[in-house]
Structure formats: C-alpha cells, structure tokens
Amino acid sequence: MSTVLTFGTFDVFHVGHLRILERAAELGDRLVVGVSSDALNVSKKGRAPVFCQDERLRLVAALRCVDEVFLEESLELKRHYLQHHGAKVLAMGDDWKGRFDEFNDICRVVYFERTPAISTTAIIEKIRF
Ligand code: CTP
C-alpha cells in the first residue's frame, strides 16, 4: 500500500481543492490529508478560516478520494507527519514549488499545477463585495 500525503487549509471548499485531492489520490493506493488547524491558519495567512477545523476535517474526510485526515498543527512537523504516515509521496500545489524539496530524501515530492482562477481568498472577496 503506497500512501500519498498532502496538506492544506481547504477552507470554503472549492473545485481547485477537489482537483488537487483527486490528482494526489491517483499517485498511490491511499490519500492522507493534513488539514491545517485554525491556529496555524491564523499564523500562516493572517486570518481565521471561515469554517473551523472540525468542519474542514469532516468535509475533506467525506470525499471519496480521501482515506484519512489529521490535523496539521505546525508547519515544522512536516517531516514527522510524512514519517508517521509512512508516506511514499508528498503532493502539493505549485504555489509551494521547490519549498518541500528537502523531503525528497524520504519520499517523492510532486507539485501539481494549481487550478486557474479560483481560490478561497477570491471567493471570500467576491462574496464580500
Ligand atoms: N489549490 C489548487 N488550485 C487552486 C487553489 C488551491 O490546486 N485554485 C491547492 C493548493 O495548491 C494546495 C491545496 O489546494 O495544495 C489547498 O490550498 P488552500 O491554501 O487551502 O486553498 P486556497 O484556495 O489556495 O486558499 P487561499 O486563497 O486562502 O490561499
């Protein structure tokens, strides 16, 4: 069983999120998703997510292409999470291109092209104005 791991906030779930999870799942037998905690999101993006971590975990866990979810509580623990889940592949969007190459010593690191013209931030802005 080869495990693929990916990380993200997945707030205000949209088709860009779905597409990266579907593509990541195709790289192995199981897809495990680290959903970033509310606190991590505040420190990473400077705002609290619209949907809280328990709701985001439930939404991602309910997808057919996702086998397991866990809460990502620190950006510094990526290596630990990869090893703990026995990941063979780390899949990320290309907004992170090159940023995770250091983990090539323990798994294959793959960057997927982001789905154009959609993001959580853009959706929030569109609804707000
Ligand atoms: N992603 C993607 N295509 C998009 C948006 C996101 O492939 N259009 C991917 C990201 O590259 C990441 C994952 O989905 O691997 C989770 O991204 P996340 O940061 O939660 O979503 P964004 O929509 O980018 O959120 P924000 O606007 O808050 O940065």
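Listed values, structure above:
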| item | result |
| --- | --- |
| Base-10 log of normalised Debye intensity for the chain (one unit scatterer per alpha-carbon) at q = 0.14, 0.20, 0.23 Å⁻¹ | -0.58, -1.24, -1.62 |
| For the chain, built as a Gaussian network whose Cα springs stay under 10 Å, the top-fluctuating residue of 117, 87, 24 | 117 |
| Once exposed loop GluC sites (Glu not before Pro) are cut out (DSSP; at most 12 other Cβ, 10 Å), longest piece of the chain | 27-112 |
| Candidates per trypsin sites (Lys or Arg not before Pro) in region 23-52, loop by DSSP, up to 15 other Cβ within 10 Å | 47 |
| Region 38-78 shape via C-alpha gyration tensor axes, a/c threshold 1.5 | oblate |
| Nearest-ten-degree value, helix 15-25 long axis tilted from longest Cα axis of the chain | 10 degrees |
| R0 of 25 Å, Cβ-Cβ distance residue 76-residue 110: FRET efficiency to nearest 0.05 | 0.70 |
| Relative contact order (percent, whole number), the chain, Cα cutoff 8 Å, 6+ residue spacing | 31 percent |
| Estimated dipole of the chain in Debye, rounded to 20 [Cβ of Lys and Arg +1, of Asp and Glu -1, Cα centre] | 280 debye |
| Among beta bridges that DSSP assigns inside the chain, antiparallel share in %, nearest 5 | 0 percent |
| Efficiency of FRET from Cβ geometry, residue 61 and residue 15, R₀ 22 Å, rounded to 0.05 | 0.75 |
| GNM flexibility winner over the chain from 63, 21, 31 (Cα, springs under 10 Å) | 63 |
| Charge dipole (region 1-75, unit charges on Cβ, about Cα centre) - positive-most of 2, 66, 40 | 40 |
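The numbers here are math on the coordinates, done by the rules we state, and not lab data. Please read all numbers here as calculations on a predicted model, not as lab measurements. Here Cβ is always computed from backbone atoms with ideal geometry, including for glycine, and neighbour counts include all displayed protein chains.
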